[in-house]
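What follows draws every value from the coordinates through simple rules; no lab data is involved. None of these values were measured; they are calculated from a predicted model. Methodologically, a virtual Cβ is constructed for each residue, glycine included, from the backbone with ideal geometry; neighbour enumeration extends over all protein chains shown.
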Amino acid sequence: MSNTEFTPEHLKEIYDFAVQLAKDAGKMLMDGVEARCGDDSTPSTQQEHVEKDSSVDIVTQTDEDVEAFVKDQITKKYPSHDFIGEETYSKGSSRDYLITTAPTWCVDPLDGTVNYTHLFPMFCVSIAFILDSKPTIGVIYAPFLNQIFSACSGQGAWLNETRRLPLIRNPVPPMPEQAPKGCVFSCEWGKDRRDVEDGNLYRKIESFMNMAGEIGGRGGKGGMVHGVRSLGSATLDLAYVAMGSFDIWWEGGCWEWDVAAGICLLQEAGGLVTTANPPEDPATTAIEEVKLGSRLYLAIRPAGPSATETGRQSQERVVREVWKRVRHLEYSRPGA
């Protein structure tokens, strides 16, 4: 089947399949939680933890079991589709772009692995279906929270299949006039913890301080955001931007499986996703939708019109205000 032959009916079938698959995978995650917790009469079963790239990137057997299950179900149902999963990919050494124009499933079996290990509820399974290099279907299930986020291109974005995103829709609020002041800013520390002067960790910290600092502080870069949040899951960061709970998400270092489903969700909800790195002239540079796989992301929540701006104009205004305050991050890959 060529990509042009994916009718709305066929996409609906794939969407329904993806939603159920995420629910089944989420149950496996919760079964792993129950196995570790035990009860008063039975000692808990602790899974052996194996470290991957760093001390903050812990993989459990659950990761691999869930991905194997998801891949098996997809391969049986859609044998002609490509599959990219975090666990199978991490065993290789390639860092090339992963997404082609072919119909592709992009899966993170457990985003928020450190959270899962510590039983912090911000963990999820993320399943995306990609056509022509663009996320077309996205499903994110956070089973501990009993929240499932889902979207299909042209059909909107949803929470628990019944509540359309963003949640505040009467009306959808515009971005704050003095943004980033008044915004909730979401960011992550990331895995690059090298103590290198002016490395990514230092640049992130400086950017966080600029966004949080008082107006007039930080050499004029103080943004005085309303709050700063760090969930430990890029996937859920994007879901909460789509929901309208976060106004801004800024991050570097993510791979395709971290963001594919979330980008679909956010775009269907009416949000904007562009590059995290500021251009030489933030005031005049055209704001383009980000390329999946760039590893650098800046997301703005859905926004309604105000008396002076369209929703898109207010989103672009906030992008430029963020660009004025954040540092350029160094996350590259072959072909970038």
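A few comments on the model shown:
- If you take all other residues with their beta carbon under 15 Å from the beta carbon of Thr285, and give Lys and Arg +1 and Asp and Glu -1, the sum is -3.
- Rounded if a/c under 1.5, otherwise prolate or oblate - the chain, Cα gyration tensor axes: prolate
- With a cut-off of 12 Å between beta carbons, the residues surrounding Tyr202 carry a summed charge of -1, where Lys and Arg count +1 and Asp and Glu -1.
- Once the Cα atoms are used to define both axes, helix 200-212 deviates from the longest principal axis of the chain by about 60 degrees.
- Modelled label positions at Val114 and Thr285, each set 7 Å beyond Cα in the direction of Cβ, lie 2.8 nm from each other.
- Region 253-331: C-alpha gyration tensor shape, a/c 1.5 cut-off, then a/b vs b/c: oblate
- Ranked Phe83, Phe246, Phe17, criterion: other C-beta atoms within 10 Å, fewest first: Phe83, Phe17, Phe246
- Unit Cα scatterers, Debye sum, region 184-323: log10 I(q)/I(0) for q = 0.09, 0.10, 0.22 Å⁻¹: -0.25, -0.31, -1.58
- Tilt relative to the chain, helix 8-37 - C-alpha long axis, 0 to 90 degrees, to 10: 80 degrees
- Taking the chain and dividing mean pair separation by its residue count, relative contact order in percent (alpha carbons under 8 Å, at least six apart): 16 percent
- Gain on full extension, evaluated as 0.36 nm per residue between Ile205 and Thr100 minus their Cα-Cα distance, stands at 34.4 nm.
- Comparing Ala234, Tyr116, Val70 along the charge dipole axis of the chain, the residue lying farthest to the positive side is Ala234, per the Cβ-charge model.
- Annotation: peptides 267-274, 256-263, 145-152, ranked by per-residue average of other Cβ atoms within 10 Å with the highest first, follow the order 256-263, 267-274, 145-152.
- Label-to-label distance for Tyr78 and Cys37 is 3.3 nm, based on points extended 7 Å past Cα in the beta-carbon direction.
- Listed residue pairs exceeding 18 Å between alpha carbons, taken from Lys204/Lys324; Lys23/Lys71; Lys221/Lys291; Lys27/Lys76; Lys76/Lys134; Lys77/Lys134: Lys221/Lys291; Lys27/Lys76; Lys76/Lys134; Lys77/Lys134
- Among Ala276, Leu265, Cys37 the positive-end extreme of the charge dipole of the chain (Cβ point charges): Ala276
- Other residues whose C-beta falls under 11 angstrom from the C-beta of Arg229 contribute a net charge of -3, scoring Lys and Arg +1 and Asp and Glu -1.
- Computed FRET value (nearest 0.05) for Asn146 with Trp189, which takes r as the C-beta separation and R₀ as 41 Å: 0.90
- Degrees, to the nearest 10: 61-77 long Cα axis against longest axis of the chain: 80 degrees
- Spin-label pair Glu197/His226, simplified geometry with 7 Å Cα→Cβ offset, distance in nm: 4.0 nm
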